[in-house]
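Step one of this worksheet: look at the structure below.
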Amino acid sequence: MWDYRMGTLLNRFDEHDGPVRGVHFHATQPLFVSGGDDYKIKVWNYKTQRCLFTLHGHLDYIRTVQFHHECPWISRTCVAVLTGHNHYVMCASFHPKEDLVVSASLDQTVRVWDIGALRKKSASPADDILRLTQMNTDLFGGIDAVVKYVLKAMTVGVNLGLISSQFASHCFWGDDRQVKIWRMNDTKAWEVDTLRGHMNNVSCVLFHAKQDIIVSNSEDKSIRIWDATKRTGIQTFRREHDRFWILAAHPEMNLLAAGHDSGMIVFKLERERPAFCVSGDTVFYVKDRFLRSDYLQEAKKGAGGSAVFVARNRFAVLERSSNQVLVKNLKNEIMKKSPLPIATDAIYYAGTGNLLCKAEDRVAIFDLQQRLVLGELQTPAVKYVVWSSDMESVALLSKHAVVIASKKLVHQCTLHETTRVKSGAWDENGVYIYTTLNHMKYCLPNGDSGIIKTLDVPIYVTRVIGNNIFCLDRDGKNKLIAVDASEYIFKLALLRKRYDHVMSMIKNSQLCGQAVISYLQQKGFPEVALHFVKDEKTRFNLALESGNIQIAVASAKEIDDKDHWYRLGIEALRQGNVGIVEYAYQRTKNFERLAFLYLIIGYLDKVGFMCKIAGQNNNLMGQFHNALYLGDAKMRVEILENAGQLPLAYVLAVTHGLTEIAERIAAELGENVPCGLDATGRAELEEDDEASGADWGDEDLDIVDASEVVANGGDYFLMRRRVNQMRRMVRKVAGTWKIWNFHLIQRLQNLLAMLALLYLSLQQQASLHSYLCALAAAPVISVAVEKGWNEYASPNVRGPPALIFSFSQMEDRLKAAYKATTEGRFPEALRQFLNILHTIPVIVVDSRREVDEVKELIEIVREYILGLKMELKRKELRDDVTHQQELAAYFTNCKLQRIHMRLVLASAMALCFKQKNYATAAHFARMLLENSPQEAQARKARQVLQACQDKDDSHQLNYDFRNPFVVCGATYVPIYRGQKDISCPYCGSRFVPSIEGQLCTICELAIVGADASGLLCSPTQLK
């Protein structure tokens, strides 16, 4: 189920087994019914997103389903079976008003059935027993539904039929490429006309609900519009490569949908925006093919692409063929010709004597008198131009964007919309009001925007005066919409720093809500946001942000939460408000911080008081710290004695010269008195401590000094070997260290990725210079090697450096990697593919075409690295047979060369067949046959297909080939369409969201999910 306005997928309903051929929505309930090739009819509730029940009874494919417009029989029982056709019935539909059903069949006939008796019986049903007895009658053609007409409609099978209540006509179409129109009355039916023009089978036809037209599509890749009264073709739309199959019309709006081979398109048959123009207080608009306004003179006609007034009695006409403007007077006489500076599609008014010229990707303001370009701006394709009343600002409307610029086309802001932008107008305050398909929005001069109101149907704004929006609807009717402009007027006052107006609006208006508060916080006005908030937690946060400590204290008292008091203490400490800091620490009973606060502000008596409190709470460590703050050695000795730490107490007493206390403690210790103290009480240390550094893991780490490598010119092969050794060491350690070392392991891996690039950069740097030795005793001269140098080049103009790596080398490396893959040397192939990915960042190309080739090479290498890593992982698995099959299946999803894809498919097919997963093995066999295999491979695939007929899988795999997916490069699990994923900014590999922030396991260079610009390998990418 899709939202056609946003172009987004809303829900999937997956309970059918096989293709679904028909869907129909209930007229009043949130239900729809579907039928398909599994012989089942399912009734769904699209709000609860579940199937309510399934109807069984059909013995073949179900091609159409439909609710009755007045009496939708949802009784879960079959009320009638209409028999009479002697071939497949391709379609059946209810008459929109009468008790009739029309059916079309491949027996070349159309039958019209009278179901009046069936409807009466269903309206007042009999007893259940009577209904059961009537089922047999219905099965063999009862009297509840009788054939009223049998129409010989086609010379071949009839695909579908349609009834129109508007014209009292029937339409039938089939494989003879024709659409036949029939009429009927109470006694007979007759053919009226035949519509010819399609070049292949006609797929679908419908009558337009509001206009006298018929729309048809066909397998000839076209949609044709027919005049229903004249029965002639009006217009034809074609697609290049897709056949059309189905048509549907919106029940209320002028929208049609057509399904084709690649998807679906939603389109209109005619433009619904009324053409209008505002001049002063008058709006001119077109309705019913007439130009309407208060006063009109007699019009004069002439040829031209677009026309606009440039003065009171002069107007300009665009002549596209010569790309020039013709300036004419009111008598339609040419006064002047002027060529335009850009290839112009349309012209717009840009002030007296000026034109705004629109090209495909830009606009420019052109002065007709001086023939100068006054301003130019790159924009998406512009559809409409709206100037402010003072001509100081202009809004450029494209399909999905609004660009605001000054009168000289200096860019101010751009707003992007997901739905189509319809219209817009400026108000007297310089705010741009515009409408999309379903919203009315505003845009401030600084680019801030918001929603004014939601629209049920699109409207077209013509003028904005205060809180009143003047507009036209799609029927060309003038409307006046009153809106609440308080929000954007308030934001505009903030932007222009009119704080008196801001405070007045706060006191008098109804502005409120989290959106306004968030806006004020974002723009740096938390003190203003305080006036809107009554919630104490929000007030507390805003008060801290604005530095209003008094309001923060009042809110903290109301909340009385330890975390809020802690944050208040931090903010008060930052402001230097010691009293509030002390109060906050007291409320949280954070005695350690409070004691330290008293120490640094000099309140030693309060530090002593904190020491007593710590003693009462039996907090010996806090008591010891407070005694340390006071510098009272005797008190610290007492605390250690009370804690039972007599040796420490003795050492402390000796150190501070407390002889009597030391002798008393020594007497208590007896022979356990600490020895080895000098006269000052300090322990005698040996100079040579043998235990220093023992067992700390730094015996022989083989660390490379990168600065030494750079200074010596670099032994690159040695460095690359060291990097690989360190990488293996980190992987080994990562498998043995505990989880608390995860971030250290990740940092080491990031360092190794940097060293890999450093190795290539050193090679590149060393190749950029040549060294000349002029004399034996003279120093060596370094000369830069330039790309494309010749002897006639100027010595003052330096060319680009000659790089050692080029894109052509990558092609040779890719061939070598392909060869290793073909020969089954997967570790060697993986190393070569990784080497290509690591070398690409130091390559520079010259053209856009080569940039595209580099990106294509990255995609190719990425797919091979992912597949090879999964294959190597699969070979490591011994006991997990199910996971082996899953990895083999995921390998087939990689985009490989055909020769490698055949090998992968053959391997996956054989593995699944051995493990008795017959359905999956048959799928791989069919894929193998589609890839032009060798004779031996094809013979084996056909044998597997024959052996797997009508057999199911014995193991449930996490693999659904019907649902498109990509494989996570780290966890090797499928990420199906619609599931969230993140990507590597360099190689584009996809990962599950939990991998965000980690090193990419495919390229081993970039951080997954990082906000980066991607690869820049050419100066053309910066233009």
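Assorted remarks:
- A cut-off of 5 Å between modelled amide H atoms, ignoring neighbours fewer than 5 places along the same chain, links LYS148 with VAL112, TRP113, ASP114.
- Set against the 2.2 N^0.38 Å expectation for a compact globular protein, the range 198-270 has a Cα radius of gyration ratio of 1.02.
- Taking every C-alpha pair closer than 8 Å and separated by at least 6 residues, the mean separation divided by the residue count of the range 879-1023 gives a relative contact order of 16 percent.
- In this entry, the range 403-511 is assigned a mean projected area of 7.5 nm², taken as a quarter of its C-alpha convex hull surface.
- The range 310-423, relative contact order [Cα under 8 Å, separation at least 6], %: 14 percent
- Annotation: extensible slack from ASP473 through PHE13 equals 162.0 nm (criterion: 0.36 nm per residue apart, minus Cα-Cα distance).
- In terms of distances greater than 26 angstrom between alpha carbons, the cross-link table entries LYS336/LYS399; LYS120/LYS152; LYS787/LYS819; LYS97/LYS188; LYS408/LYS477 yield LYS336/LYS399; LYS120/LYS152; LYS787/LYS819; LYS408/LYS477.
- Of the peptides 246-255, 604-613, the ranking by mean beta-carbon count within 10 Å, highest at the top, reads 604-613, 246-255.
- With all pairs of separate Cα atoms included, the range 898-949 yields a Kirkwood hydrodynamic radius of 10.3 Å.
- Contact order normalised by residue count of the range 554-644, Cα under 8 Å, 6+ apart, percent: 16 percent
- Centre-to-centre, using Cα atoms only, the range 872-910 and the range 960-998 are separated by 18 Å.
- Least to most buried among LYS188, LYS121 (fewest other Cβ within 10 Å first): LYS188, LYS121
- The SER954 and ASP561 beta-carbon pair, evaluated with R₀ = 56 Å, returns a calculated FRET efficiency of approximately 0.45.
- Protection proxy ranking for 453-459, 623-629, using the average of other Cβ atoms within 10 Å per residue and placing the highest first: 623-629, 453-459.
- The residues ARG63, ARG636, when put in order of fewest to most other Cβ atoms within 10 Å, stand as ARG63, ARG636.
- Sequence of GLU15, GLU660 once ranked by neighbouring C-beta atoms within 10 Å, starting from the fewest: GLU660, GLU15
Every number in this text was worked out from the coordinates using simple rules, so none of it is lab data. None of these values were measured; they are calculated from a predicted model. All Cβ positions, even for glycine, are placed from backbone atoms using ideal geometry, and neighbour counts span all protein chains on display.
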